[in-house]
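A.B. asks: I am attaching a structure below and will ask some questions about it afterwards.
Every number in this text was worked out from the coordinates using simple rules, so none of it is lab data. Please read all numbers here as calculations on a predicted model, not as lab measurements. Cβ placement follows ideal geometry from the backbone for every residue including glycine, while neighbour counts extend to all protein chains displayed.
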Amino acid sequence: MNAPFVLTIPRTRTFEIVTSATRLVEIAPAWDALWQRAGGLVFQHPDWIAAWWGTTPHRERRTLRIGLAWNGERLDGVIALATFRRSGIRMLEWAAKDHSDYGDALVAPDSDPQAISRLWQYIFDQGGFDLIYLNRLLPDAGVHALLDPASGHGTALRPNHRSEISYRVAGPWQRGAEWFETLSKKGRQNYRRGRKFLEESGTLRFRLLDAGEPREPLLARVAALKRLWLARHGRVSDLFDKDSPVLSALVSVLAELGLLRIFVLELDEKVIAVSINFEQHGTMMAFITTYDPEYERASPGMVLMMDYIQWSLDRGLAKVDFLCGGEDFKRRFATQSVTLSSMIGARGLRGHLAAMADHVNHVSKSWRVQPQPKAETSDE
């Protein structure tokens, strides 16, 4: 018997730029399917981008520019970008950049190896921006391929001088107690001293917030504590503005995806430290940590951190990732550090002038901080 004839119709490869919230909702199922196949982080999930876009302030200065690579009806690539107008320059950057610790594209593992480069070229050709700045790139980020001259598109992007540090805890330990014993004697004493000081004031309890508990009162407490910290250090963040919906929207995404892990330290049922974390790919990731300054002497934030590190290791997680930021309290406990790189590019005269000004400013600052040779003296 002859085998049946099968006609194979090649899929049509097309590209698209998403600029509206309506289209963002329409493509969410295909994007979610790609996210699952590609093993993306929550920062590249469509719900994370939608939550940010639906709550971000200064919308009049922003536009969505999310690049899509379609393979027929299947989505094979996403580069989630947005523009922000700053000092007359249209900056192209990661969508939800201010609340995302690691930036990258999503690419289907079985797609055309050149799909990401072709998608980037399409985004670049469509314009709508002057300067490109893509930051917080892990060493294995897929967008590094855009710097490869062999891709044919490397001329638009180049490495930038800005970088950030990410600290982690990872090692061969099977239990949290094993990790604890690797700490310095002073580190172990500080933890025990902090717990003892707090326990002398009341009943101390560390716990994971139950999924069924209402989150809003706790999130309000987190935002209030963070505003105190920001004011003390002369900083601002719309994530913690009074009555801002941003924090709740992002945390809801983590909960709906089943990733949310909120750890609290309570003293007589009063929350004195909180760490809003999420668990992905065998890693506990610390998104937001705060504490009540009234108990600063006992370092409740440090106590909570050491408790959730041990909790994570006890449950077989391979790593605790403190995400972006080189704060000293992260460095003290870390066993690894990773440098997050960035890249820059320009389009049009205005963009090239802005990129040149950035380069000149960096060179000038670098020259000023270099030690100058001492002047030679003469006995003549």
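A.B. asks: Between the helical axis of 46-55 and the dominant principal axis of the chain, each derived from Cα atoms, what acute angle in degrees is found, rounded to the nearest 10?
C.D. replies: Taking Cα atoms only, the helix is inclined about 70 degrees.
A.B. asks: Right, here's the next one. What is the set of long-range amide H partners of Gly171 at a cut-off below 5 Å, with H atoms built 1.01 Å from backbone N?
C.D. replies: none
A.B. asks: Ok, one more. May I ask you to compute the full-extension gain from Leu208 to Ser342, defined as 0.36 nm times their residue separation minus their alpha-carbon distance, rounded to one decimal in nm? Display every interim value, and only then the final one.
C.D. replies: On the way: separation 134, 0.36 × 134 = 48.24 nm, distance 3.50 nm.
Additional length available on full extension: 44.7 nm.
A.B. asks: Scan the chain and hand back the longest stretch that contains none of the trypsin sites (Lys or Arg not before Pro) lying in DSSP loops with at most 14 other Cβ atoms within 10 Å.
C.D. replies: On the way: sites that count: Arg11, Arg175, Arg235, Lys242, Arg315, Lys374.
Of all site-free stretches, the longest is 12-174.
A.B. asks: What does the charge count around Thr339 come to, taking other residues whose C-beta lies under 15 Å from its C-beta (Lys +1, Arg +1, Asp -1, Glu -1)? All intermediate terms of the calculation are to be shown ahead of the outcome.
C.D. replies: Values: positive: Arg136, Arg162, Arg168, Lys330, Arg331; negative: Asp101, Asp140, Glu164, Asp321.
Counting the neighbours of Thr339, the net charge comes to +1.
A.B. asks: Got a sec to turn the phi values of the stretch 184-198 into Karplus ³J(HN,Hα) couplings, 6.51 cos²θ - 1.76 cosθ + 1.60 with θ = phi - 60°, whole Hz, x for Gly and Pro?
C.D. replies: So the Karplus estimates, Gly and Pro as x, are 5, 4, 5, x, 5, 5, 4, 5, 5, 5, x, 4, 5, 4, 5 Hz.
A.B. asks: Restricting to the chain, what percent of DSSP beta bridges are antiparallel, rounded to 5?
C.D. replies: Values: 62 of 67 bridges.
So the antiparallel bridges in the chain amount to around 95 percent.
A.B. asks: Give me P(r) over the stretch 172-317, computed from all C-alpha to C-alpha distances, binned every 10 Å, as integer percentages.
C.D. replies: Each 10 Å bin holds this share of Cα pairs: 11, 38, 37, 14, 0.
A.B. asks: Any lysines with Cα under 21 Å of the Lys196 Cα? List them, leaving off those in the same chain fewer than 8 positions away.
C.D. replies: Lys196 reaches Lys185, Lys186, Lys270.
A.B. asks: Could I ask something else about it? To the nearest 500 deg cm²/dmol, what mean residue ellipticity at 222 nm is calculated for the chain from DSSP H runs of n ≥ 4 alone, each contributing -39,500 (n - 2.57), summed and divided by the residues?
C.D. replies: Details: 10 runs with 133 residues, N = 380.
Here the helix-only value at 222 nm equals -11000 deg cm²/dmol.
A.B. asks: Would you grab the residues whose amide H sits under 5 Å from the one on Asn160? Only those 5+ places off in sequence or on another chain, please, with H modelled 1.01 Å from N.
C.D. replies: Hits under the 5 Å cutoff: Ser342, Met343, Ile344.
A.B. asks: Then there's this: If I stretch the segment between Glu26 and Val236 completely, what's the gain in nm (0.36 nm per residue apart, minus their alpha carbon distance), one decimal? Don't jump to the answer; show the numbers that get you there.
C.D. replies: Numbers: separation 210, 0.36 × 210 = 75.60 nm, distance 3.39 nm.
Full-extension gain reported as 72.2 nm.
A.B. asks: Residue-wise, which Karplus ³J(HN,Hα) couplings in Hz belong to the stretch 258-268, taking 6.51 cos²θ - 1.76 cosθ + 1.60, θ = phi - 60°, and x for glycine or proline?
C.D. replies: x, 9, 5, 9, 10, 9, 10, 10, 10, 10, 6
A.B. asks: Classify the chain: rounded, prolate or oblate, from the alpha-carbon gyration tensor (a ≥ b ≥ c, eigenvalue square roots; a/c under 1.5 rounded; otherwise prolate if a/b is larger than b/c)?
C.D. replies: On the way: a/c = 1.80, a/b = 1.27, b/c = 1.42.
In terms of gyration-tensor shape, oblate.
A.B. asks: With r defined as the distance between the Cβ atoms of Gln114 and Asp328 and R0 fixed at 51 Å, what FRET efficiency is calculated, to the nearest 0.05?
C.D. replies: 0.70
A.B. asks: Further question: Using amide H atoms built 1.01 Å from N in the peptide plane, name the residues 5+ places from Gln280, or on other chains, whose amide H lies under 5 Å from its own.
C.D. replies: Answer set, sorted by chain and number: Met285.
A.B. asks: Which of the GluC sites (Glu not before Pro) found in the stretch 44-148 are loop residues per DSSP with 16 or fewer other Cβ atoms within 10 Å of their Cβ?
C.D. replies: Working: sites: Glu60, Glu73, Glu93; in loops: Glu73.
Loop-located and lightly packed - Glu73.
A.B. asks: Over the chain, with a Gaussian network built from C-alpha contacts below 10 Å, which listed residue (Gly67, Gly351, Gly103) shows the highest mean-square fluctuation?
C.D. replies: In the Gaussian network model the winner is Gly351.
A.B. asks: In addition: Enumerate the calculated ³J(HN,Hα) couplings along the stretch 66-75 in order (Karplus 6.51 cos²θ - 1.76 cosθ + 1.60, θ = phi - 60°), each rounded to whole Hz, writing x wherever the residue is Gly or Pro.
C.D. replies: 9, x, 10, 10, 9, 10, x, 9, 9, 8
A.B. asks: Springs between alpha-carbon atoms under 10 Å, Gaussian network over the chain: tell me which of Leu134, Leu317, Leu228 tops the mean-square fluctuations.
C.D. replies: Judging by the Gaussian network model, the answer is Leu228.
A.B. asks: Can I ask one more? Relative to the first principal axis of the alpha-carbon coordinates of the chain, what is the inclination of helix 300-314, with its axis defined by its Cα atoms, in degrees from 0 to 90 and to the nearest 10?
C.D. replies: Result, in degrees: 70.
A.B. asks: Based on other C-beta atoms within 10 Å, arrange Ser337, Ser111 from fewest to most.
C.D. replies: Details: Ser337 13, Ser111 19.
Lowest to highest Cβ neighbour count: Ser337, Ser111.
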